Every structure is written in C-alpha cells, then in structure tokens.
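Some notes on the structure that comes next.
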Amino acid sequence: MQEAFPAMLAIGVVTAQLTVICVWGTLVRGTFWIRLPWTLLLLVVSWCGFAWGITLEKGDPNTEAMLGAAALWTFGFITSFVPLKIAALFFRWQIVHDTEDSPNAGRNFNYAIRDIMIGTLLLAITMGIGRGMLTSEDISFALALHASGLDAPEPLFAITLYGMVSLLVKLPCIWIALGEKAEKIPSRIGLWVVYCFLLTLFEIGLLLSVLGDPGSESISIFGGMIISHQLMGAIMLAVCCTLRGLGYRLERSRSPQAERRRATTTAAVHPESV
C-alpha cells in the first residue's frame, strides 16, 4: 500500500491475527511442546497469504519481498509470543473450558509417541511449505533482514515500539473478554478505549522526539496509528468474547504444591476415587 492510513489499518488487522495465534500457543491449557508445532504451522500458513499477495501485486514471485515479509512476521511473532508466554508462566494464566474440572483432566502429560510423531510431521510440513514458496536459490538471513528494513535503526525502532505498544493494548483485551465478570465488561471496554488512546498518544510523542516529524504524511500516519490500535483491540475483544460465549475463560492455574494438596485431600475424603 502506497498510502500510510490504509497501511496502518492493515497492520492493525494482521497484528491482531498474529496475536490470536500467539494466544493459542501460549495461554490455552495443554502441553506447550505439543502445541508449538501447530503454532509454527499456523504462522507459516499465514505468511503464505502475504507471499501470495506479493505475487499477485508484482505479477511473479519476488523472493526478496517474501523474505522481508517472513522476517517481519517472525519478528512480530517473537515479540508477541515470548512476552505472552512469560506472562502466562508468571501470572499462571491459562484459557480453559467450563467443562474442565482439573488441569490434568483427561490428559496424560507424558510425551506419547503419537504426539512426538505428529509434532515432527507438522514441523516437516511447515519447512516444506516455506521452502516451496521460495523458489529462488538466493536465500539468506542478510537478504531477509535488509528486505524487512530491520537492519536500519529507524525502522527497527519504529517497529519495535509499535510492537510493544500493541502488546500493552492487547493484553487488557484478553483479560476483559475472558477473565472479567460479564456485568463489568462494558465499563472495562470504555476504560480500555481511553487507555488505548492515551497509550497511542505516548507512542506518537516518542516517535516524534526520536525520529522527528514525518512531514506531509504525519496526519495519515498518526491518525492511522490511533485507529489501528483501536481496531486491533476491537478484533481481539470480538474473538475473545466469542470464545467466552463458547464456554472458555481465563483463570489462574493452581501451583504444583496446591495441586498435590488438593489431590491428597481428595484421596483422603473420597478414597474410592483413587
């Protein structure tokens, strides 16, 4: 896109899409190492959509542009996935279904051979899809970094700042939709709209102080940033509220010590269940 405003809106939409993939990979209850291959497969399939769009725009496959999109997509994935995983571990957040009574319900956490084989197959499919999309032999990390713009300090700073602010925008949306009481959701969304607007103003002020005024495009860029973050949060709220309607919720998992105490108490009170 040649104009800044629609480009920023598009970035907001795809950032929300990336966050949904990361949330599924980090917060949904289950064995992390079994979900990771599925997460990587979703990441590559979504990148194929960008590669297809690049091919349609340019008329033929453009390896450099595809590698640039892959580098940006991977950078966005890492900067979203890692903080979400840290938050999930630190706060013991997890998304569960109402029908689940216990973290170990219906699941043996020992790595089954079937799970390992499925994970290996998914990783192979992921790498095969990626290599199949890149027909040129001239593939390198340096080329991908240059095509993405991440090798220059100014784009790197702008992209990193946008990613950090986006994460601060999206985390409350997950909590509001899946963790808050239903009657408080409308008021919390109203507070979030103000919070998101102020956070974007802070981002704009920081960009102006570090990178300077972009000139005639400033209104389109900054207006697009404000609406982009709001649109991104709206998509996250819609997705998470839909999950809530299907019976999912965000809760804090019990610590291993609490689980052992709970199991011991259950065995003492109901010995027939052991």
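Cβ-Cβ below 7 Å, separation at least six or inter-chain, first residue in segment 122-142 and farther than 16 Å from Leu36 by Cβ, second at pLDDT below 75 and surrounded by 14 or more Cβ atoms within 10 Å (Cβ to Cβ): which pairs?
Thr135/Pro61
Looking at segment 143-177 only, could you name the residues that are among the small types (Gly, Ala, Ser) and touching a residue at least 60 places away in the same chain (Cβ under 8 Å)? Reasoning before the result, please.
The first filter runs over segment 143-177 and keeps only residues among the small types (Gly, Ala, Ser), leaving 144, 147-149, 152, 158, 163, 166, 177.
Hits for segment 143-177 are Ala144, Ala147, Ser148, Gly149, Gly163, Ser166, Ala177.
Could you please give the count of residues in segment 219-236 that are farther than 13 Å from Tyr162 by Cβ and either surrounded by fewer than 14 Cβ atoms within 10 Å (Cβ to Cβ) or at pLDDT 90 or above (or both)?
Residues of segment 219-236 farther than 13 Å from Tyr162 by Cβ: 219-220, 223, 227, 230-231, 233-236.
Now drop any that are not either surrounded by fewer than 14 Cβ atoms within 10 Å (Cβ to Cβ) or at pLDDT 90 or above (or both), which leaves 219, 223, 227, 230-231, 233-236.
Matching residues across segment 219-236 total 9.
State all residues of segment 1-10 that are touching a residue at least 24 places away in the same chain (Cβ under 8 Å) and either part of a helix (DSSP H, G or I) or crowded, with 16+ Cβ neighbours inside 10 Å (or both); if no residue qualifies, say none.
As a first pass, look at segment 1-10 and keep what is touching a residue at least 24 places away in the same chain (Cβ under 8 Å): 3-9.
Selection gives Ala4, Phe5, Pro6, Ala7, Met8, Leu9.
If I ask for residues that are open to solvent by 40 Å² or more (accessible area, probe 1.4 Å), part of a helix (DSSP H, G or I) and more than 18 Å from Thr74 (Cβ to Cβ), which ones from segment 11-31 would you list?
Val13
Among the residues of segment 105-142, count how many are modelled with pLDDT under 70, among the hydrophobic types (A, V, I, L, M, F, W, C) and surrounded by 12 or more Cβ atoms within 10 Å (Cβ to Cβ).
So the answer is 2.
Only one of these is surrounded by fewer than 16 Cβ atoms within 10 Å (Cβ to Cβ) and among the aliphatic types (A, V, I, L, M): Leu198, Leu150, Leu145, Leu178. Name it. Spell out the reasoning first.
Details: Leu150 fails: surrounded by fewer than 16 Cβ atoms within 10 Å (Cβ to Cβ); Leu145 fails: surrounded by fewer than 16 Cβ atoms within 10 Å (Cβ to Cβ); Leu178 fails: surrounded by fewer than 16 Cβ atoms within 10 Å (Cβ to Cβ).
Residue meeting the stated conditions: Leu198.
Name every residue in segment 43-65 that is outside any loop (DSSP other than H, G, I, E, B) and either over 19 Å from Ile21 (Cβ atoms) or of a type outside the set (A, V, I, L, M, F, W, C) (or both), in order of residue number.
Residues of segment 43-65 that are outside any loop (DSSP other than H, G, I, E, B), as a first pass: 43-58, 63-65.
Answer for segment 43-65, where residues must be outside any loop (DSSP other than H, G, I, E, B) and either over 19 Å from Ile21 (Cβ atoms) or of a type outside the set (A, V, I, L, M, F, W, C) (or both): Ser46, Gly49, Gly53, Ile54, Thr55, Leu56, Glu57, Lys58, Thr63, Glu64, Ala65.
Among the candidates Gly59, Gly49, Gly53, which residue alone is exposed (fewer than 15 other Cβ atoms within 10 Å of the Cβ), closer than 18 Å to Thr126 by Cα and of a type in the set (Gly, Ala, Ser)?
Working: Gly59 fails: closer than 18 Å to Thr126 by Cα; Gly53 fails: closer than 18 Å to Thr126 by Cα.
Among Gly59, Gly49, Gly53, only Gly49 is exposed (fewer than 15 other Cβ atoms within 10 Å of the Cβ), closer than 18 Å to Thr126 by Cα and of a type in the set (Gly, Ala, Ser).
Hey, does segment 54-67 have a residue that's among the β-branched types (Val, Ile, Thr), under 13 Å from the mean Cα position of the chain (by Cα) and farther than 23 Å from Leu156 by Cα? Working first, answer last.
To start, the set of residues in segment 54-67 that are among the β-branched types (Val, Ile, Thr) comprises 54-55, 63.
Next cut, under 13 Å from the mean Cα position of the chain (by Cα) only: none.
Checked against the condition, which is being among the β-branched types (Val, Ile, Thr), under 13 Å from the mean Cα position of the chain (by Cα) and farther than 23 Å from Leu156 by Cα, segment 54-67 yields no hits at all.
Every residue in segment 68-97 that is open to solvent by less than 30 Å² (accessible area, probe 1.4 Å), among the polar types (S, T, N, Q) and within 13 Å of the chain's Cα centre (by Cα), please.
Keep residues of segment 68-97 that are open to solvent by less than 30 Å² (accessible area, probe 1.4 Å), which gives 68-71, 73, 76-77, 80-81, 84, 87-88, 94-96.
With the extra rule that they be among the polar types (S, T, N, Q), the set shrinks to 80, 94.
Answer for segment 68-97, where residues must be open to solvent by less than 30 Å² (accessible area, probe 1.4 Å), among the polar types (S, T, N, Q) and within 13 Å of the chain's Cα centre (by Cα): just Ser80.
Could you tell me how many of the residues in segment 201-218 are open to solvent by 40 Å² or more (accessible area, probe 1.4 Å) and either of a type in the set (Phe, Trp, Tyr) or over 16 Å from Ala7 (Cβ atoms) (or both)?
Quick first cut of segment 201-218, residues open to solvent by 40 Å² or more (accessible area, probe 1.4 Å) only: 201-202, 206, 208-211, 213-214, 216-217.
Add one more test, that the residue is either of a type in the set (Phe, Trp, Tyr) or over 16 Å from Ala7 (Cβ atoms) (or both), and what stays is 201-202, 206, 208-211, 213.
Going through segment 201-218 one residue at a time, the tally reaches 8.
The values are calculated or read from the model by the stated rules, or taken from the named source; none is laboratory data. Remember, it's a predicted structure, so these values are computed and weren't measured experimentally. Heads up, the Cβs are rebuilt from the backbone with ideal geometry, glycines too, and the neighbour counts pull from every protein chain shown. Remember, those area values only see protein heavy atoms, side chains included, never the ligands or the DNA or RNA. Shrake-Rupley method; radii C 1.70, N 1.55, O 1.52, S 1.80 Å.
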